[in-house]
Amino acid sequence: MQKIETSQLTIGGYFGLELPPGNEYYTHLIRLNTGRNALEYILREKGYKKIYIPYFTCDVLLEPIQKLDIAYQFYSIDEHLEPIIDFEIESDAVFLYTNYFGIKQQAVKCLSTKITNLIIDNSQAFFSEPLPGIDTFYSCRKFFGVSDGAYLQIKKKSTKKYAVDSSVNRFSHLIKSIDLGVQQGYSDFVKNNKDLENNPIRIMSPLTRKILAGVNYTECARIRKRNFNFLHKHLKDHNLFKFNFPEEYSPMVYPFLSNNKQLKLHLIQRNIYVATYWPNVFKWTDARMYENYLARCIVPLPIDHRYSLHDMLYILNTLRTFL
């Protein structure tokens, strides 16, 4: 019989939030509180003096870089979202590549054979398994209904004991989305994003772990593939972004590139909420750069497990009125 510590045992009292039992998707990776802190963990443990990051990325990546006072240099990507490496990467430097929209796993594999010091940002590619020996991090809230959480693969693990995070004060937008709708919870969502800034590295909270353990990952991945393939079948001839996509992957969104600069606004006005990846790119680039064009014109269409083919048809029919 298993021995139970009586100091941790509670019998009776009120019922807690009912969440289904199960297992997390990445049970073998390090669990942390945010993706940016996963990057900080890597930079601290590896001791890099410089990092190369793409112009086309979220500015939260600068948070750990500036905190650690590490030199950084931007690089450009081509029309396939792959890096233009026209420089030499120093031995004490590291190259970070983003698995854009979860559709660039082949590029990740190629880079892993060419670059010694490599970090893969899989924040947009939760279902892309990390390659052996390649430092890789994930952000859970880009794919699931959690307020925080990240996974990290790294060979050199820290000996430091990090405190465990608490998510209870970042949970309100998730509850409001159920009771009141997504729109009513949006201001809380924005506040949550603000609260995640400049947090120390912590271990993933028990609440986030519990929610993630109850996700049906097989079904989530299947629905994403189905929805992505449906949109691609009907939109690929109109999509200015041309790509080859292996059907076994489960992307974050469907990246639709259009020269109609008002398309995002038209969709939002019809309750199809599409993000801009990323507003900070406009500060880092000028109008002549491809990254600037992407930030202006790429429309990330939602394809996740919340949506049926009927929803995809609504997106498609809405788009058709503006194509």
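Miscellaneous remarks
- Members of the range 169-196 that are of a type in the set (D, E) and either modelled with pLDDT of 90 or more or surrounded by 11 or more Cβ atoms within 10 Å (Cβ to Cβ) (or both): D188, D195
- Picking from residues in the range 199-229 that are surrounded by fewer than 18 Cβ atoms within 10 Å (Cβ to Cβ) and among the hydrophobic types (A, V, I, L, M, F, W, C), the one that is nearest to I315 (Cα to Cα) is A213.
- Search result, residues across the range 242-253 that are open to solvent by less than 40 Å² (accessible area, probe 1.4 Å) and assigned to a loop (DSSP other than H, G, I, E, B): F243, F245, P246, Y249, S250, P251, M252
- Some residue of the range 291-301 being in contact (Cβ under 8 Å) with a residue 12 or more places away in the chain, among the acidic types (D, E) and out of contact with any Phe, Trp or Tyr (no Cβ under 6 Å at 6 or more places or on another chain): no
- Leading residue by the ranking (surrounded by the fewest Cβ atoms within 10 Å (Cβ to Cβ)) among those in the range 45-90 that are farther than 18 Å from Q124 by Cα and among the β-branched types (V, I, T): I84
- Note on the range 91-137: among residues that are in a loop (DSSP other than H, G, I, E, B) and aromatic (F, W, Y), the one that is most open to solvent (accessible area, probe 1.4 Å) is F127.
- Looking only at residues in the range 231-241 that are open to solvent by 50 Å² or more (accessible area, probe 1.4 Å) and in contact (Cβ under 8 Å) with a residue 12 or more places away in the chain, the one that is nearest to V108 (Cα to Cα) is L240.
So that you can scan it fast, the table gives a plain yes or no per residue for (1) over 27 Å from P200 (Cβ atoms); (2) out of contact with any Pro (no Cβ under 6 Å at 6 or more places or on another chain):
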position: V60; (1), (2): no, yes
position: I70; (1), (2): no, yes
position: E82; (1), (2): yes, yes
position: S91; (1), (2): yes, yes
position: L96; (1), (2): no, yes
position: G102; (1), (2): yes, no
position: L111; (1), (2): yes, yes
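The values are calculated or read from the model by the stated rules, or taken from the named source; none is laboratory data. If you're wondering where the values come from, they're calculated on a predicted model, not measured in any experiment. Note that we place each Cβ from the backbone using ideal geometry, even for glycine, and neighbour counts take in every protein chain shown. To get the accessible areas, we keep the full protein, side chains included, count just its heavy atoms, and leave off ligands, DNA and RNA. Shrake-Rupley method; radii C 1.70, N 1.55, O 1.52, S 1.80 Å.
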